[in-house]
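Asker: This is the structure I have questions about; it appears just below.
The values are calculated or read from the model by the stated rules, or taken from the named source; none is laboratory data. Note that the coordinates shown come from a computational prediction; the quantities given were computed from them, not determined experimentally. Here the Cβ positions follow ideal geometry from the backbone for every residue, glycine too, while neighbour counts run over all protein chains shown.
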Amino acid sequence: MKAPGIKLILWLSLALYLLALVWQLPASVVWKRVSPSLPAEVELSGLSGTLWRGQVASMTVDRVDQGGLQWDWRPAGLLRGNIGLDLVWQPRNGQVNANLLIGARRILLQDVRGELNAATMAELNRAPFILAGSWLLDVPRLELVDMDQVVAAEGRLIWQGAAGGLPQPLALGDLSASLGHNDGWMTLDLDDQGGPLGLQGNARWRPGQPMHLDTRLQARPDAEPGLVAGLQMLGQPDAQGWIHWQAQLQ
């Protein structure tokens, strides 16, 4: 065999060896390199597997328990210059599945589907009130550019059996939000499904900004007295019984 052929075999062997090393690179090694540069304080427990397929038993972000996470690499993403992962997020009493594509400037979430327990999420995130019901997620697409602009959003969020308040949560009925986007913001068209709380309006959100709410609220005849009293604190109803309420939520 001629010398050029031997060199080619040696180079291919070296490339395959390096590829095998990267493929088996432990996730813990990658985490030690990445964690110091993250914008939030993140702690992982029970990290196992490789860069391409692994899991975290428990992750804490800014001292808030966010549950476990599993990931599996999607090689097809490399054809478009992206890192693609199938994700399974498992907070306490819930699970969300999603496909994640990470590019040079963008983050794309696709087929985000799952269910979260509202009471658990309020407790974990130290909300100053009690929530009840289930958050149902069906989001085919959510795309961010430079982590501060929403350039695509479609799907629907449903708060099933919604309830909230103190010292006991008050029944609100089923509430929903349809997602869209405009000028770098994610928009939400808010509506109710005929329960104790009448809800109409919209909201908008983008990373690093508070959520802006512009809504109309109404206590229907089957609402609990506590809900009626709470809405009256927000303002005076109009002739149709609607109270206009605007707010910014961090």
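Asker: Please go through the range 206-218 and pick out each residue that is at pLDDT 95 or above and of a type outside the set (D, E, K, R).
Answerer: Passing the criteria: His212, Leu213, Thr215, Leu217, Gln218.
Asker: If I filter the range 82-124 down to residues being of a type in the set (S, T, N, Q) and assigned to a loop (DSSP other than H, G, I, E, B), which single residue comes out as nearest to Leu44 (Cα to Cα)?
Answerer: Only one residue tops the list, namely Asn93.
Asker: Given the criterion more than 24 Å from Asp65 (Cα to Cα), in a strand (DSSP E or B) and within 18 Å of the chain's Cα centre (by Cα), identify the matching residue among Asp138, Asp189, Asp214.
Answerer: That would be Asp189, the only listed residue that is more than 24 Å from Asp65 (Cα to Cα), in a strand (DSSP E or B) and within 18 Å of the chain's Cα centre (by Cα).
Asker: Hey, another quick one. Only one of Gly184, Gly180, Gly133 is closer than 30 Å to Pro196 by Cα and surrounded by fewer than 19 Cβ atoms within 10 Å (Cβ to Cβ); which?
Answerer: Gly180
Asker: Going by the structure shown, is His244 at pLDDT 95 or above, part of a strand (DSSP E or B), within 30 Å of Asp146 (Cα to Cα) and not β-branched (Val, Ile, Thr)?
Answerer: No; evaluated as a whole, the condition is false for this residue.
Asker: Does Leu213 count as within 30 Å of Asp148 (Cα to Cα), free of Cβ contacts under 8 Å to residues at least 60 places away in the same chain, surrounded by fewer than 18 Cβ atoms within 10 Å (Cβ to Cβ) and not small (Gly, Ala, Ser)?
Answerer: Taking the combined requirement at face value, the residue satisfies it.
Asker: Of the residues Leu142, Leu109, Leu197, Leu137, only one is touching a residue at least 24 places away in the same chain (Cβ under 8 Å) and farther than 24 Å from Arg74 by Cβ; which?
Answerer: Unique residue meeting the criteria: Leu197.
Asker: Can you go through Gly201, Gly194, Gly164, Gly208 and tell me which one is of a type in the set (Gly, Ala, Ser), in a loop (DSSP other than H, G, I, E, B) and over 18 Å from the mean Cα position of the chain (by Cα)?
Answerer: Just a single option satisfies the conditions, and that option is Gly194.
Asker: Looking at Asp174, Asp192, Asp238, can you tell me which residue is in contact with a strand residue (DSSP E or B) (Cβ under 8 Å, 6 or more places away or on another chain), exposed (fewer than 14 other Cβ atoms within 10 Å of the Cβ) and modelled with pLDDT of 90 or more?
Answerer: Asp238
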